[in-house]
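J.: My questions will all concern the structure given below.
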Amino acid sequence: MAQQPRFIDIHILQSLPPSNINRDDTGSPKTAFFGGVRRTRVSSQAWKKATRDVFREQFEQDGVGEDVRGDRLLTGQEFSTLAKSQMTGSRTKRAVELIASSICAQDPTLTDKATPLAVGALKAADVVIKEDKGVQATGYLLFISQLQAEKLAELAIDAAHAGAEPSKKDCKAALRQNNAVDMALFGRMVADDPSLNIDAACQVAHAIGIHQSENEFDYFTAMDDRSPDDNAGAGMIGTIEFTSSTLYRYATLNVLQLRENLASTEVTVRAVEAFVEAFITSMPTGKQNTFANRTLPSAVVVQVRDCQPVSLVNAFEKPIAAEDRMQNACQALVEQEKLIDAAFGTTPLHSYVIQAAPDTDALEQMGTVLSLAEVIDKLAADVRDCLPVDDETTAPGSWS
């Protein structure tokens, strides 16, 4: 019997002061037309990168300590394997170096041959290798986990000692298994070989302003600290574009897809906890030294659904007026959800609200008001309730 779908939707209202966290090719803050007016925009890629950076810190930190499988504690060896499986991956053209380093660590006698052996293992998996400034590199950014690199290194070592070429079947299998957690979340696409693709478990929308906004210019000068006293001129003159806006941010997480990618309920729970916290608290780093725009969300609504993901962005198709903006934005979000749920039967199973600013009381109509820590605890329980308990055939052995 197929499991019922389970999605976690995250809706965020967040105000940014003057800032330029995501620039286009001319250095201007990115924008988009929506509802007939120009809005501030922060690309999906920019916020996913920021989320991945915070996620790596959160997940690796949370991966230290005791763990449970079902109703028993993991043994030391089991937890060690599980902790390795939880490692985040690397999106890099330097996979050859990663595998070669593992070859040297596993068998120092092959140090002189490590690079060609690593190249051979990747080529056996049908990964394109090109020379880039004298360095053997993949032809594209390859998302690869530490365990995948170690497995390819092991296959290369075995082949070297046998005087044979690495098995194409085994090398491909090594890149299909042992997914790092962020790979399971954000997916992997290899255009040359779709069999190596990983379906992403999460989707992140472009953050968009809930009101009309225009970019502005900051004219600045910089003084030369050692200029003569009779020189009144500036050492440098320039301009920086910036904007300020209240953004609607949205992401959705497919829990069943994440469980399929990771093959472990407990690791899936850890991943959900870390992803939700990382997405809510992260901030792209563009021009932060200049603007110090480190705000946190004013309001967050996290919903668990068993039908399909539902973005509420159309609540802001009509721009929100400046007066009482946050209050009106929250009310618009409430009304949009009521209309969609009534029309399409998409009422969430659970809905949790985080309030971190005045004038957000309207959101209490959407769910239970909790702190971030309490929301994460609730989500962990929700995920465990809808997924099978790990047994001896799943985590952590499924990564080996």
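J.: Given 182, 218, which one is within 29 Å of the chain's Cα centre (by Cα), modelled with pLDDT of 85 or more, outside any loop (DSSP other than H, G, I, E, B) and not hydrophobic (A, V, I, L, M, F, W, C)?
T.: 182
J.: Regarding residue 349, is this residue under 15 Å from residue 273 (Cβ atoms), of a type in the set (A, V, I, L, M) and in contact with a helix residue (DSSP H, G or I) (Cβ under 9 Å, 6 or more places away or on another chain)?
T.: no
J.: Which one is farthest from residue 31 (Cα to Cα) among residues in the range 162-179 that are assigned to a loop (DSSP other than H, G, I, E, B) and of a type outside the set (Asp, Glu)? Before the answer, list the steps.
T.: Pass one, the range 162-179, residues assigned to a loop (DSSP other than H, G, I, E, B): 163-167, 177-179.
So of that shortlist, the ones also of a type outside the set (Asp, Glu) come out as 163-164, 166-167, 177-179.
On the way: 163: 57, 164: 55, 166: 49, 167: 49, 177: 39, 178: 39, 179: 35 Å.
So the residue we want is 163.
J.: Give just the number: which of (1) in the same structural domain as residue 281 (by TED's automatic domain parsing); (2) at pLDDT 90 or above does residue 73 not satisfy?
T.: Status for residue 73: all satisfied but (2).
J.: For the range 358-400, which positions are of a type in the set (S, T, N, Q) and either closer than 21 Å to residue 305 by Cα or at pLDDT below 95 (or both)?
T.: 365, 368, 371, 393, 394, 398, 400
J.: Could you please find all residues in the range 362-373 being farther than 12 Å from residue 276 by Cβ and surrounded by 13 or more Cβ atoms within 10 Å (Cβ to Cβ)?
T.: 362, 363, 364, 365, 366, 367, 369, 370
J.: Can you tell me which residue among 200, 191 is assigned to a loop (DSSP other than H, G, I, E, B) and modelled with pLDDT under 90?
T.: 191
J.: Still on this model: Are any residues in the range 222-237 surrounded by 11 or more Cβ atoms within 10 Å (Cβ to Cβ) and in contact with a strand residue (DSSP E or B) (Cβ under 9 Å, 6 or more places away or on another chain), and if so, which ones?
T.: Matches in the range 222-237: 223, 224, 234, 235.
J.: Answer with yes or no whether residue 154 is among the acidic types (Asp, Glu), surrounded by fewer than 23 Cβ atoms within 10 Å (Cβ to Cβ) and touching a residue at least 40 places away in the same chain (Cβ under 8 Å).
T.: Judged against the criteria, residue 154 is a match.
Conditions tested, residue by residue: (1) touching a Ser or Thr at 6+ places or on another chain (Cβ under 9 Å); (2) farther than 16 Å from residue 11 by Cβ.
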site	(1), (2)
310	yes, no
314	no, no
325	yes, yes
340	yes, no
343	no, yes
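J.: Select from the range 24-46 the residues that are over 25 Å from residue 276 (Cα atoms) and either outside the structural domain of residue 325 (by TED's automatic domain parsing) or part of a strand (DSSP E or B) (or both) and list them in ascending order.
T.: 29, 31, 32, 33, 34, 37, 38, 39
The values are calculated or read from the model by the stated rules, or taken from the named source; none is laboratory data. Since the model is a prediction, treat every value here as computed from it, not as a measurement. FYI the Cβ positions are ideal-geometry reconstructions off the backbone, even for glycines, and counts take in every protein chain you see.
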